[in-house]
Every structure is written in C-alpha cells, then in structure tokens.
Amino acid sequence: MKNYDKIKYERHKEKIKKRTLEYYYKNKEKRLEQINDWSKQNRDKVRGYIQKWKDNNYKKTSVEQIALRKIKIDDSSKCLNCNTNSNLERHHNDYDEPLEVEILCRVYHKGVHRKWKKI
C-alpha cells in the first residue's frame, strides 16, 4: 500500500469498515457461493490450511477433543447467558483445564470471542 493510500485509509477507516460490513451482509449468499466454489476447486489448498491451523493450535484441538468425549451436552443443558437450550457449544476459558468448560449458545459464544479479539 502506498503512503498516500495509507493516509487516505486512516482518514476514512470508519466509512470503509461500514461499507464493507454493509456489502458483506447485503451479498452474503453470493459470497458464500463464491467461497464454496473456490474451496471445491482448491481442495488441496484448503486441506493444507486446515492442517496448518491444527498444527499451530495443537493444544486447543486436543483440549476440545477431550471436552467432546468427557462433557456431554444433553437436553437439560442450557446457555449460561440466556438459558436457551438450542445451538449449545462448549467454551474454554483456559486450555490448561480441559474439563472446565462453560456451556454457551452459539450467538453468545461468538460474542465472547469477538470481545477477546478486540482486546
């Protein structure tokens, strides 16, 4: 990116982010279709990306597998935040403690991770 482009971007960063999000939500189906088409045409690249992520996040994936086997989500389980019992997921606050998980709905679980990324 040229120096002028960086300055222009910094000046209009909020507008650009807003337009990008608007485009994303307006064309969500089209974008998903494009992503799926690309993934089908580039299966080897996708496998490589997945394997690289697994290698870089070995501890996370192994802890998730332990939690999947040991901690069951049944009909009586509810989200800690909103008490719903649909689309439940396990959330680790600390990967050093594989059996200490919170049961959260997908919406709240995504929100927790978004907040962490902003910190």
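The combined condition, being of a type in the set (Gly, Ala, Ser), under 25 Å from Glu102 (Cα atoms) and in the same structural domain as Leu99 (by TED's automatic domain parsing), is not fulfilled by Ser62. For the range 64-77, give me the residue count where each residue is in contact (Cβ under 8 Å) with a residue 24 or more places away in the chain, farther than 14 Å from Tyr95 by Cα and not polar (S, T, N, Q). Of the residues in that region, 3 qualify.
In the range 43-59 there is no residue matching the filter, namely being in a strand (DSSP E or B), of a type in the set (Lys, Arg) and either at pLDDT 85 or above or out of contact with any strand residue (DSSP E or B) (no Cβ under 6 Å at 6 or more places or on another chain) (or both). A single member of Thr84, Thr61 is closer than 20 Å to His113 by Cα, surrounded by 12 or more Cβ atoms within 10 Å (Cβ to Cβ) and without any contact (Cβ under 8 Å) to a residue 12 or more places away in the chain, and it is Thr61.
Within the range 64-75, being in a helix (DSSP H, G or I) and loosely packed, with under 10 Cβ neighbours inside 10 Å holds for one residue alone: Arg69.
The values are calculated or read from the model by the stated rules, or taken from the named source; none is laboratory data. Since the structure is predicted, the reported quantities are computational estimates derived from the model, not experimental observations. Glycine also receives a Cβ, built like all others from the backbone with ideal geometry; neighbour counts cover every protein chain displayed.
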